[in-house]
Amino acid sequence: MSWLQVMPPINATLNGLSGVFLLIGYTLIRRKRIEPHKRFMLAACITSLLFLCCYLTYHYFGGMTRFAGSGWSRPLYFSILISHTTLAVIIVPLASISVFNGLKRRIPQHRRIARWTFPLWMYVSVTGVLVYFFLYQWFPSR
């Protein structure tokens, strides 16, 4: 098995971990546990950055992966992929601003943007894992 073959499950794992860290961080802040919230949100950032590095490396060396599904799965897959990709681009500046404001303890600004950042970032994490399952588990191109 080549390193290119192990990259998609690694990418999906990093995406999933990011979502788990986000959810834990959200739960912690709802309970007013600021320091653990900060640690989990930074862990979500780190796993997302690792994902991005691995994803770009994989696609640089491995090229494109074609979706092999047909029928009902095609429009569903492409709807998820398009929304995922669009929001993944949008989430980068939103997450950056949110984290920056949080670390600088600019709490009103942090809350204002985090209110949008959290659900969009969760969506991107979950749909990233779904894209993996569509491409490599449910409808592999073999």
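The values are calculated or read from the model by the stated rules, or taken from the named source; none is laboratory data. Please read these numbers as outputs of a predicted model, since none were measured by experiment. No Cβ is skipped: glycine too gets one built from the backbone with ideal geometry, and neighbour counts run over all protein chains shown.
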Fill in the blank from the handout: Taking region 64-80 and keeping residues free of Cβ contacts under 8 Å to residues at least 60 places away in the same chain, assigned to a helix (DSSP H, G or I) and under 11 Å from residue 139 (Cβ atoms) leaves 74, 76
Problem - Selected residue (criterion: surrounded by the most Cβ atoms within 10 Å (Cβ to Cβ)) from residues of region 119-142 that are in a helix (DSSP H, G or I) and hydroxyl-bearing (Ser, Thr, Tyr) - result: 125
Fill in the blank from the handout: Scanning region 1-46 residue by residue, the ones that are surrounded by fewer than 17 Cβ atoms within 10 Å (Cβ to Cβ), closer than 25 Å to residue 136 by Cα and either at pLDDT 95 or above or basic (Lys, Arg) (or both) total 5
Exercise for the section: Kindly indicate the residue of region 27-63 that is basic (Lys, Arg) and assigned to a helix (DSSP H, G or I) and also nearest to residue 96 (Cα to Cα) among those meeting that condition. Expected result: 38
Practice task
Considering only region 61-95, state which residues are closer than 27 Å to residue 2 by Cβ, within 19 Å of the chain's Cα centre (by Cα) and not aliphatic (A, V, I, L, M).
Solution key: 65, 77, 84, 85
Exercise for the section: Would you be able to say whether some residue in region 2-11 is more than 16 Å from residue 130 (Cα to Cα), without any contact (Cβ under 8 Å) to a residue 40 or more places away in the chain and touching a Phe, Trp or Tyr at 6+ places or on another chain (Cβ under 8 Å)? Expected result: no
Fill in the blank from the handout: The residue from 94, 81, 49, 76 that alone is surrounded by fewer than 15 Cβ atoms within 10 Å (Cβ to Cβ), closer than 17 Å to residue 123 by Cβ, at pLDDT 95 or above and not aromatic (Phe, Trp, Tyr) is 76
Practice task
Return a yes/no flag: does region 102-111 have any residue that is under 19 Å from the mean Cα position of the chain (by Cα), part of a helix (DSSP H, G or I) and surrounded by fewer than 16 Cβ atoms within 10 Å (Cβ to Cβ).
Solution key: no
